[in-house]
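To start, the structure under review is shown below, and the notes come after it.
The values are calculated or read from the model by the stated rules, or taken from the named source; none is laboratory data. Since this is a predicted model, take the numbers as computed values, not measurements. Every residue, glycine as well, gets a Cβ built from its backbone with ideal geometry; the counts of neighbours run over all protein chains shown.
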Amino acid sequence: MAEDGSQRKPVAMRDGWPDTYFAVIFTAQRTMSDENMYQIIADRMVTLAQQQRGFLGVESVRGDDGVGITVSYWRDHEAISNWRNNLEHLAAQQMGRKEFYDWYHVRVAEIVSHRTFDASFDTDAGRNLED
């Protein structure tokens, strides 16, 4: 269980995920612009993405140097294309280029295998959980 009492599930153990799926990897360098506005928009984009057909999940990290990586997971290319062309997302992309990022890269990868280990889900902490 997580500290807030909810149960966390590793990506590979999520019900309903296909055997193969796609990852959109967004790597970016943040500017020194308004952190509050950035967080509002970033949170809105996660909420909006979660409502899209084909959305599976998202993971995100940012270092002290402002470089961050967000990986969103999608069922297929059509879902990725629909997300990329969502009007609210397009507006956020434009704002990101003007205000929030010095640079960014977007990569799309097909996930064909996934292995995970999480000691909190395994009574034998040395055992690797694999698909």
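Mind checking which residues of region 72-84 are buried (at least 18 other Cβ atoms within 10 Å of the Cβ) and either closer than 18 Å to TYR104 by Cβ or aromatic (Phe, Trp, Tyr) (or both)? Within region 72-84, SER72, TYR73, TRP74, ILE80, TRP83 meet the criteria. Regarding region 95-104, can at least one residue be identified that is part of a helix (DSSP H, G or I) and either touching a Ser or Thr at 6+ places or on another chain (Cβ under 6 Å) or on the phi > 0 side of the Ramachandran plot (or both)? The answer is yes, given that some residue of region 95-104 is part of a helix (DSSP H, G or I) and either touching a Ser or Thr at 6+ places or on another chain (Cβ under 6 Å) or on the phi > 0 side of the Ramachandran plot (or both). Pairs needed: first member in region 34-54, on the phi > 0 side of the Ramachandran plot and at pLDDT 95 or above; second member anywhere, in a helix (DSSP H, G or I) and surrounded by fewer than 17 Cβ atoms within 10 Å (Cβ to Cβ); C-beta distance under 8 Å; at least 6 residues apart or different chains. The qualifying pairs are GLY54/GLU78; GLY54/ASN82.
Residue count for region 16-61, restricted to those that are touching a His at 6+ places or on another chain (Cβ under 7 Å) and either surrounded by fewer than 17 Cβ atoms within 10 Å (Cβ to Cβ) or basic (Lys, Arg) (or both): 2. Filtering region 30-43 to residues that are more than 14 Å from ALA92 (Cα to Cα) and either in a helix (DSSP H, G or I) or under 16 Å from the mean Cα position of the chain (by Cα) (or both) leaves GLU35, ASN36.
Annotation for region 61-79: no member residue is part of a helix (DSSP H, G or I) and at pLDDT below 95.
Only one of the numbered conditions (1) modelled with pLDDT of 95 or more; (2) within 21 Å of HIS105 (Cβ to Cβ); (3) of a type in the set (A, V, I, L, M) is violated by LEU87, and that is (2).
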